[in-house]
Amino acid sequence: MLNSSIYDDLRQAAEVHRQVRKHAQTYIKPGIKLVDLCKRLEAKNRELLEAEGFKRGIAFPTGCSLNHVAAHYTPNYGDNTVLSQNDVMKIDFGSQINGRIIDCAFTVAFNPMFDNLLQTVKAATNAGIKAAGIDARLSEIGEVIQEVMEAGEVEINGKVFKIKCVANLNGHSIGPYQIHAGKTVPIVKRQEAGKMEEGEVYAIETFGSTGKGHVSEGGECSHYMKRFNAPNAPLRTPRAKKLLQFINREFSTLAFCRRWLDDGGEDKHLMALKSLCDAGVVDAYPPLLDVKGSYVAQYEHTLILRPTCKEVLSRGDDF
């Protein structure tokens, strides 16, 4: 059952998230290198959380996926991508205290022709939040989200696009140190067994696209995460054993990125990381892409189902 310390941890992590994103909104401008953006955002997140190993700190890498890339992109070192005036960027980052994770995201676009896309996705996320609650059927939430999303359209460079839900992305329940805790909140109408229950924490997130409304993996991988119930696999190389010790100490079962391995002195890690993935101890999460030339927007909030109400923990005056 929920005790007050769990609420305190979630609320404190949420307040940090609000402050970090407010700060970030002052420097996210065309011309910034994405790696600089992420490092600056992560530094502020760690500072305000008073980060201490995996007890309190960043919950997962800072996503800054651009345009047709929907999720799971953060620059590796050597990637010098710069934010441009006509980009649509999803900023998806997390804060955690004692494993209580706030997962929250918003979209940035500078060209007003994308306004309708952003407003539609935000409205779809808010519709999902409104439909959430104790005993709410997961399948029905997806139907509500889809109805709002697919009523939207956006004109880009003189061409009108119907906005589609990205059907194979969804919201999810969140557990201690477990970003995806087993329940899925679809963003389209589909059969999804199960209901929301008292005490659960959920990330309600929606993705709207001008493309196919379906993503697949592609591009260079940056995101990795140790399996929640990772097997005790025999690791053949001392290098892989050493890297796993580092991951256990720094991240436990929270997601991490290759930049953080470099920052921690684990700079020649690619082969060792591959062997941890091959052993089934760590999973790779490559970028998720819709068709090139399309644009995807995302909004996401974390909520908790209290006995008498739902509390949208990450809500701020920005969104």
**Filtered residue count, segment 1-48, keeping only those that are within 18 Å of the chain's Cα centre (by Cα), farther than 17 Å from Ile91 by Cβ and among the aliphatic types (A, V, I, L, M)** = 1
**Fill in**
The residue that is least open to solvent (accessible area, probe 1.4 Å), considering only those in segment 231-266 that are more than 22 Å from the chain's Cα centre (by Cα) and within 30 Å of Asn168 (Cβ to Cβ), is Ala233
**Request:** Taking Gly182 as meeting all but one of (1) touching a residue at least 12 places away in the same chain (Cβ under 8 Å); (2) touching a Gly at 6+ places or on another chain (Cβ under 8 Å), write down the number of the exception.
**Result:** (1)
**Prompt:** Which ones in segment 270-294 are within 30 Å of Cys165 (Cβ to Cβ) and open to solvent by 50 Å² or more (accessible area, probe 1.4 Å)?
**Reply:** Tyr285, Val291, Lys292, Gly293
**Item:** Leading residue by the ranking (surrounded by the most Cβ atoms within 10 Å (Cβ to Cβ)) among those in segment 82-122 that are in contact (Cβ under 8 Å) with a residue 40 or more places away in the chain and of a type in the set (Asp, Glu)
**Value:** Asp103
**Request:** For segment 51-64, state whether one or more residues are modelled with pLDDT of 95 or more, open to solvent by less than 10 Å² (accessible area, probe 1.4 Å) and part of a loop (DSSP other than H, G, I, E, B).
**Result:** no
**Prompt:** In the list Ala255, Ala272, Ala279, which residue meets the criterion of being touching an Asp or Glu at 6+ places or on another chain (Cβ under 9 Å), touching a residue at least 24 places away in the same chain (Cβ under 8 Å) and small (Gly, Ala, Ser)?
**Reply:** Ala272
**Request:** Could you list all residues from segment 130-161 that are over 29 Å from Val201 (Cα atoms), aliphatic (A, V, I, L, M) and touching a residue at least 24 places away in the same chain (Cβ under 8 Å)?
**Result:** Val154, Ile156
**Prompt:** In the list Arg21, Arg40, Arg11, Arg100, which residue meets the criterion of being among the charged types (D, E, K, R) and in contact with a Leu (Cβ under 6 Å, 6 or more places away or on another chain)?
**Reply:** Arg100
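The values are calculated or read from the model by the stated rules, or taken from the named source; none is laboratory data. This is a predicted model, so every value here is computed, not measured. Heads up, the Cβs are rebuilt from the backbone with ideal geometry, glycines too, and the neighbour counts pull from every protein chain shown. Only protein heavy atoms, including side chains, enter the accessible area calculation; ligands, DNA and RNA are left aside. Shrake-Rupley method; radii C 1.70, N 1.55, O 1.52, S 1.80 Å.
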